[in-house]
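The values are calculated or read from the model by the stated rules, or taken from the named source; none is laboratory data. Note that the coordinates shown come from a computational prediction; the quantities given were computed from them, not determined experimentally. Cβ sites come from the backbone with ideal geometry, for glycine too, and all protein chains shown count toward neighbours.
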Protein chains: 2
Amino acid sequence: MSSSSQRVLAVVRRQILNGERMPGEKITEVGIAAEMDVSRTPTRTALATLAAEGLIEKRSGRGFTVRSISSADVEKSIAVRAALEALAARTMAENGMPKSAEDALLQSIAYTEKVLDADEPDPDYMDGYQEANILFHETIMYQCGNDLIAHAYERIAMLPLAALGSLAFDRTNPRRELQRLTVGHSQHIIIFDAIKKRDAARAEAMMREHSHATLNYADLFVKRIYETGGAAAETAALK
Amino acid sequence: MSSSSQRVLAVVRRQILNGERMPGEKITEVGIAAEMDVSRTPTRTALATLAAEGLIEKRSGRGFTVRSISSADVEKSIAVRAALEALAARTMAENGMPKSAEDALLQSIAYTEKVLDADEPDPDYMDGYQEANILFHETIMYQCGNDLIAHAYERIAMLPLAALGSLAFDRTNPRRELQRLTVGHSQHIIIFDAIKKRDAARAEAMMREHSHATLNYADLFVKRIYETGGAAAETAALK
DNA sequence: CAAACAGATTTTGTATCCAAAGTTAAGATC
DNA sequence: GATCTTAACTTTGGATACAAAATCTGTTTG
């Protein structure tokens, strides 16, 4: 794909994820094309991609609508991601850890360690922690030796909160967040160790546990967001 | 999508899976469009879908090429399918088995039982067994309560041998095949029982074991096909 | 003989036009 | 007043035209 269709895809996707386009909102080829000042052709390919990603739904003869995401949907997408990640961890343990993967994982671990060892929790580091977390998970996903895992993952990656690192840092409770990070970090180390020692069963089990913890946390977090989601979304739409 | 693009998609996909289009063979929008006597527009959407399915690869500026599938690729796709199916079995056990799913699963089990109880193995029944097998697996996949599992599955379903029921019946060794079917059938019954009793751990473990057995069998089977694949493919291309 | 340049060809991306399918709304009829 | 019918409109799918980008080829030059 090239510039026009890529631009439309990126812009509309961002608008949906940012809540600028409300769930249930109608989306048509002509509407988007006029709005973005391009023809229907690139708009078409962009909308097809968004539909494949699950962000919009096709209503035969009535255009597309922005898909409304329930907290149940979020749980579902995280469950699928967890299963794929567990498989990826097992696969990398079986195939052996490539040098490039080892470097990336160690880099992720080192960064997180630096954050946790700081004298007092610095909120600015937390963004970095997110990056380090994403690096850890994506490294295992993409370098495990089975590219189809990442391929399947990418199909659900755009759904809210299925994306790695989509969990925001809860600034109202920094101590609890730090505890969560500490536990997550220890799990990362165990997973790294298990893969390095080619203990496939342990790597898979630990990754499963790790994802499950994230899932439980996300569950609580999401319910808090989505219960007040109506107001927040309206605010976003009004500006 | 409508008739033209759907037709192009179905035809080209079948051609690739049948070996009528060789791995590495060049595919262009204009070429397919002329061959199928349609314009480039539906051809383009069809090729985009095939690329998403992983059957063809995009070579920027040089059209697409039919992806060559190694036996390693087959193993990979089956591993992903197995992980998704295990998750589906667990999920349905957790959520409870819908009535429609119970009917379908019992129908599948009953049909397979009839095949196995026949006085002598009738090869004609084997096609029916494949259908019953597909029914069993798809019912769990599509009615487990997490539609994203099926969504992810459909992204890899078209890769050779990842598709349910793509394993042909080995007619040269009917007794062994019957044994395999018998074991598989017993596993189906256990999986059904575990889901019905909402024993999620057992359902997941049993489905994992079941898929693993299929994987191991597929491995042997595939290597036999693909080792002689060059000759067979050439034959297909020459006629 | 190798490398580089230029022209030709292929391939793709975008715009626009046309037709078909389906949806909505208004009016007529019972 | 309710329902059926019809007509206008919306929306999408497909065809064609055009332009730009990339690749290939053939020739020329060092």
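Mind counting the residues in the range B:4-25 that are more than 14 Å from chain A (Cβ to nearest Cβ), under 20 Å from B:S39 (Cβ atoms) and within 15 Å of DNA strand C (Cβ to nearest atom)?
The number of residues fulfilling the criteria is 4.
Condition first: more than 12 Å from chain B (Cβ to nearest Cβ) and of a type in the set (A, V, I, L, M). Now tell me which residues in the range A:32-75 satisfy that.
Hits for the range A:32-75 are A:I32, A:A33, A:A34, A:M36, A:V38, A:L50, A:L55, A:I56, A:V66.
Identify the residue in the range B:58-95 that is charged (D, E, K, R) and in contact with a helix residue (DSSP H, G or I) (Cβ under 7 Å, 6 or more places away or on another chain) and, among all such residues, is nearest to B:I191 (Cα to Cα).
Within the range B:58-95, the first condition is being charged (D, E, K, R), and the residues that meet it are B:58-59, B:62, B:67, B:73, B:75-76, B:81, B:85, B:90, B:94.
Imposing the further condition that a residue be in contact with a helix residue (DSSP H, G or I) (Cβ under 7 Å, 6 or more places away or on another chain) reduces the set to B:58, B:75-76, B:81, B:85, B:90, B:94.
Numbers: B:K58: 41, B:E75: 23, B:K76: 24, B:R81: 17, B:E85: 11, B:R90: 10, B:E94: 13 Å.
Looking at residues that are charged (D, E, K, R) and in contact with a helix residue (DSSP H, G or I) (Cβ under 7 Å, 6 or more places away or on another chain), I get B:R90.
Quick one: in the range A:45-96, which of the residues that are within 16 Å of DNA strand C (Cβ to nearest atom) and of a type in the set (V, I, T) is farthest from A:V11 (Cα to Cα)?
So the residue we want is A:T65.
Only one residue in A:E20, A:E29, A:E53 is of a type in the set (D, E, K, R), within 16 Å of DNA strand D (Cβ to nearest atom), outside the structural domain of A:S211 (by TED's automatic domain parsing) and farther than 23 Å from A:D199 by Cα. Which one?
On the way: A:E20 fails: within 16 Å of DNA strand D (Cβ to nearest atom); A:E53 fails: within 16 Å of DNA strand D (Cβ to nearest atom).
That would be A:E29, the only listed residue that is of a type in the set (D, E, K, R), within 16 Å of DNA strand D (Cβ to nearest atom), outside the structural domain of A:S211 (by TED's automatic domain parsing) and farther than 23 Å from A:D199 by Cα.
If only one of A:E53, A:E57 is without any contact (Cβ under 8 Å) to a residue 24 or more places away in the chain and within 22 Å of the chain's Cα centre (by Cα), which one is it?
After ruling out the rest, the residue left standing is A:E57.
Of a type in the set (V, I, T) and free of Cβ contacts under 8 Å to residues at least 24 places away in the same chain: which single residue out of A:V30, A:V38 fits that description?
Details: A:V38 fails: free of Cβ contacts under 8 Å to residues at least 24 places away in the same chain.
From the options A:V30, A:V38, the qualifying one is A:V30.
So for the range B:99-113 (the condition being over 16 Å from the mean Cα position of the chain (by Cα), at pLDDT below 85 and either closer than 21 Å to B:L178 by Cα or within 14 Å of chain A (Cβ to nearest Cβ) (or both)), does at least one residue qualify?
No, because not a single residue in the range B:99-113 is over 16 Å from the mean Cα position of the chain (by Cα), at pLDDT below 85 and either closer than 21 Å to B:L178 by Cα or within 14 Å of chain A (Cβ to nearest Cβ) (or both).
Among the residues in the range B:132-150, are any at pLDDT below 85 and either touching a Ser or Thr at 6+ places or on another chain (Cβ under 9 Å) or not assigned by TED's automatic domain parsing to the domain that holds B:R13 (or both)? First the steps, then the outcome.
In the first step, residues of the range B:132-150 are kept if they are at pLDDT below 85; the result is none.
No, that holds for no residue.
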